[in-house]
Amino acid sequence: MEKVAIGTVTQHGSDTSPDLSEIIIPPDKEVPVETNENVFKWVEEMPKYKTDESDIYKFFAENIKYPEIAKRAGVEGRITLAFIVSKDGSITNISVLKGIGAGCDEEAVRVLGMMGKWTPGRQNGNPVRVAMSIPILFKLQ
C-alpha cells in the first residue's frame, strides 16, 4: 500500500515586486493587474484552505495517485511545492522546490492545481498575494 502525507504549510517567497523589465508581454496581451503587486511571505491573516490544515491533508489523500513508474522503481521521498495564493484565493505560480522524480513531482503539482479557492491572505484588512510552500511525502508500504 502506498501512502502520501502532507507536512505543515509554510511560507515562501519575496516581499518585493518582480523586476518588470524582465517580463516580456506580447503586444496583443494586457499586463495582469497583479503583475506589479507585492507578494508577501507573512501577513496579518494567512491564507487558509477551507477550515484548517487538516482539510489540505484530506484533499491530497483523496486525490493523489502514486505514479506506477514510481511504485515499480521504489521511489519515495519528500516533495516541496511553492505557490502563490492570489487576492481572489486562487492558486498560481506552482513550482517544485525539491522533487523526487518518477512522476511524483508532476502528480503533486496536478493535485495542488486541482484545489479550489482558498481564503486569501489579508494585510491591513485587504486581500494580498501570499507565497507559500507545502511538503508532500510519498512513501511505499
Which of the residues belonging to segment 87-141 are under 30 Å from residue 74 (Cβ atoms), buried (at least 18 other Cβ atoms within 10 Å of the Cβ), of a type in the set (D, E, K, R) and touching a strand residue (DSSP E or B) at 6+ places or on another chain (Cβ under 7 Å)? 105
Out of all the residues in segment 55-86, which are open to solvent by 20 Å² or more (accessible area, probe 1.4 Å), assigned to a helix (DSSP H, G or I) and under 29 Å from residue 130 (Cα atoms)? 55, 57, 58, 59, 61, 62, 63
Some residue of segment 54-71 being in contact with a Phe, Trp or Tyr (Cβ under 6 Å, 6 or more places away or on another chain) and either touching a residue at least 12 places away in the same chain (Cβ under 8 Å) or of a type outside the set (S, T, N, Q) (or both): yes
Name the residues in segment 99-119 that are touching a residue at least 60 places away in the same chain (Cβ under 8 Å) and over 13 Å from the mean Cα position of the chain (by Cα), would you? 119
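The values are calculated or read from the model by the stated rules, or taken from the named source; none is laboratory data. What you see is a predicted model; the values in this text were computed from it and never measured. Positions of Cβ are backbone-derived with ideal geometry, glycine not excepted, and every protein chain shown enters the neighbour counts. These area figures cover heavy atoms from the full protein model, side chains too; ligands, DNA and RNA do not enter into them. Shrake-Rupley method; radii C 1.70, N 1.55, O 1.52, S 1.80 Å.
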